[in-house]
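Working notes for the structure below.
The values are calculated or read from the model by the stated rules, or taken from the named source; none is laboratory data. In this text the structure is predicted, and so the values were computed from the model without any measurement. Positions of Cβ are backbone-derived with ideal geometry, glycine not excepted, and every protein chain shown enters the neighbour counts.
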Ligand code: FES
Ligand SMILES: [Fe+2]
């Protein structure tokens, strides 16, 4: 979630099936399992009476935010014998780039920077929004890199009104030198073509005179999508909440601050936000919750999806196979 949306009140999230309560205490963020071990009340609604601690709203069990230890039980007196015998799980948490990152894994947590694109760490003016959505996070990330759908599903979006939309293209997936992105590279792009039975498609739009630059699209573990426009960069993060829901973090970054940053905020509020992270992205979400696979029958442009799947199988943390470099694996899979 965005740092700015966590205030004194606790918030609850579900991450990889774990219910987690988030608190801000004297500027630091803490993440703790969202369940009081006494009688199962969510700790996100706990009272905040004592610094560094939360007090369960039901019977006043009071936990240390950093360790999760039950240190005081208000309604059982200062000598309560249960103190020190109960602990709630806490999670590593960090704030970077104006966002809160929680690690729900069992392994020792990697430095959060390792999993963040350098363009985002570099900072600047960062805008965006987060929402919990119905659907599986894998479908969301595969849709993000899906080469064919942009040309058809999004053809009539407001966001693409002034962009030239290709009829079809051939693409390959290629590692990027800068980070662990797999970049989608168009090899052949046809803006219109003549099809059997159909004839010419699509009809040219009269205002398609000026050539719009197409964004650079890439995908990376864990759940990142890159949409690099000319002057700003879009990131999307698909975070598994549970098996049927995910969080979509939609982020826009301009490297500058100051007046240019202010103008970018305005542009985001009036244009990029409502059209790209709004209507355009809602078309994707509308589809993601309708996907029913397996089975599936893939076609040529889906090389974007299969290359990503191969990459995940080899490089996801905990993947059992030895990890070749992205370049080696693209050769292996014949992409
Ligand atoms: S349920 Fe939390 S103190 Fe009783
Ligand atoms: Fe899309």
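Tabulated values for the structure
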quantity	calculated
Given (1) farther than 22 Å from residue 291 by Cβ; (2) more than 14 Å from the chain's Cα centre (by Cα); (3) crowded, with 22+ Cβ neighbours inside 10 Å, number of the condition residue 274 does not satisfy	(3)
Residues of segment 277-305 satisfying the condition of being under 20 Å from the mean Cα position of the chain (by Cα) and more than 26 Å from residue 229 (Cβ to Cβ)	289, 290, 291
Every residue from segment 152-168 that is surrounded by 17 or more Cβ atoms within 10 Å (Cβ to Cβ) and either within 23 Å of the chain's Cα centre (by Cα) or within 16 Å of ligand 1 (Cβ to nearest atom) (or both)	154, 157, 159, 160
Pairs, first crowded, with 19+ Cβ neighbours inside 10 Å in segment 114-125, second part of a helix (DSSP H, G or I) and at pLDDT 95 or above, C-beta under 6 Å, six or more apart	125/261; 125/264
Members of segment 101-151 that are more than 12 Å from the chain's Cα centre (by Cα) and at positive phi	123, 124, 135
Those residues of segment 89-147 which are in a helix (DSSP H, G or I) and farther than 30 Å from residue 299 by Cβ, in sequence order	112, 113, 114, 115, 118, 119, 120, 121
Of all residues in segment 141-150 being within 10 Å of ligand 2 (Cβ to nearest atom) and either touching a strand residue (DSSP E or B) at 6+ places or on another chain (Cβ under 8 Å) or touching a residue at least 40 places away in the same chain (Cβ under 8 Å) (or both), the one that is nearest to residue 1 (Cα to Cα)	144
Count - residues of segment 22-81 that are away from ligand 1 (no atom under 11 Å from the Cβ), crowded, with 18+ Cβ neighbours inside 10 Å and either part of a loop (DSSP other than H, G, I, E, B) or modelled with pLDDT under 95 (or both)	3
Members of segment 261-271 that are surrounded by 14 or more Cβ atoms within 10 Å (Cβ to Cβ) and more than 20 Å from the chain's Cα centre (by Cα)	261, 264, 265, 267
Lone qualifier among 174, 178, 190, 236 - being more than 21 Å from the chain's Cα centre (by Cα) and in contact (Cβ under 8 Å) with a residue 40 or more places away in the chain	174
Count of segment 268-291 residues which are in a helix (DSSP H, G or I) and touching a helix residue (DSSP H, G or I) at 6+ places or on another chain (Cβ under 6 Å)	2
Flag if residue 18 is more than 10 Å from ligand 1 (Cβ to nearest atom) and within 24 Å of the chain's Cα centre (by Cα)	yes
Matching entry among 102, 93, 130, 112 (being in contact with a strand residue (DSSP E or B) (Cβ under 6 Å, 6 or more places away or on another chain) and under 17 Å from residue 236 (Cβ atoms))	130
